[in-house]
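Heads up: the structure comes next, in structure tokens.
The values are calculated or read from the model by the stated rules, or taken from the named source; none is laboratory data. All values reported here derive from a predicted model rather than from experimental measurement. Reconstructed Cβ throughout: ideal geometry from the backbone, glycine too, with neighbour counts over all protein chains shown. To get the accessible areas, we keep the full protein, side chains included, count just its heavy atoms, and leave off ligands, DNA and RNA. Shrake-Rupley method; radii C 1.70, N 1.55, O 1.52, S 1.80 Å.
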Amino acid sequence: MPSLLLLNGPNLNLLGTRQTDVYGTTTLAEIEERSVAHAKTLGATLTAVQSNHEGVLIDHIHEARGTHDGLILNAGAYSHTSIALMDAVASVSLPLVELHLSNIHARETFRHESHVARVAIGQICGFGPHGYILAIDALVEHLRGR
Ligand code: CA2
């Protein structure tokens, strides 16, 4: 049974409470609940973690080695800034799907570049909370094909 780790980065704990015009009204708790349930329908398990701290996210990525088979990461703004997160992902050699709620390529230019994208098997963005379901499907499919 594939084991997936879903990591959400800075400010995503605020989902559904503020800036609903940009990020929608669904809360992170709802997203995590739906993600766990969807993974289960595919015969996978999913553990969800959120942190506002770069080092904590890196620790979780390191600990995923030997514990999980693949990662889904919405690193929030760290996607655009953190070479440390990129290095952490590269160091564990686990397949990773990069995820964003919004279409980062249609937003400000500083959001167009993602360091995480360099170490991801693929990127899903612009589909709101449904993107999490798409990311789980993509990762499970990838793991089955190996
Ligand atoms: O679209 C995404 O998922 C992002 O990763 C969200 C990040 C942003 O910096 C990325 O460029 C794209 C921001 C997350 C902020 O989330 C909030 C949610 C509710 C209220 C305020 C912030």
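A Cβ distance below 9 Å, combined with a sequence gap of six or more or placement on separate chains, defines the contacts here; from the range 93-106, residues that are free of Cβ contacts under 8 Å to residues at least 60 places away in the same chain reach residues that are hydroxyl-bearing (Ser, Thr, Tyr) and part of a loop (DSSP other than H, G, I, E, B) in the pairs Glu98/Ser114; His100/Ser114; Ile104/Ser114.
Run Cys125 past the list (1) loosely packed, with under 13 Cβ neighbours inside 10 Å; (2) near the ligand (Cβ under 10 Å from one of its atoms) and report the number of the one that doesn't hold. For Cys125, the failing item is (1). Among the candidates Ala44, Ala84, Ala39, the residue that is crowded, with 18+ Cβ neighbours inside 10 Å, at negative phi and in contact with an Asp or Glu (Cβ under 9 Å, 6 or more places away or on another chain) is uniquely Ala44.
Within the set Asp59, Asp69, Asp137, the sole residue that is open to solvent by 10 Å² or more (accessible area, probe 1.4 Å), over 22 Å from Leu15 (Cβ atoms), touching a Leu at 6+ places or on another chain (Cβ under 9 Å) and of a type in the set (D, E, K, R) turns out to be Asp69. Tallying residues that are aliphatic (A, V, I, L, M), surrounded by fewer than 23 Cβ atoms within 10 Å (Cβ to Cβ) and within 15 Å of Tyr23 (Cβ to Cβ) within the range 87-108 yields 2.
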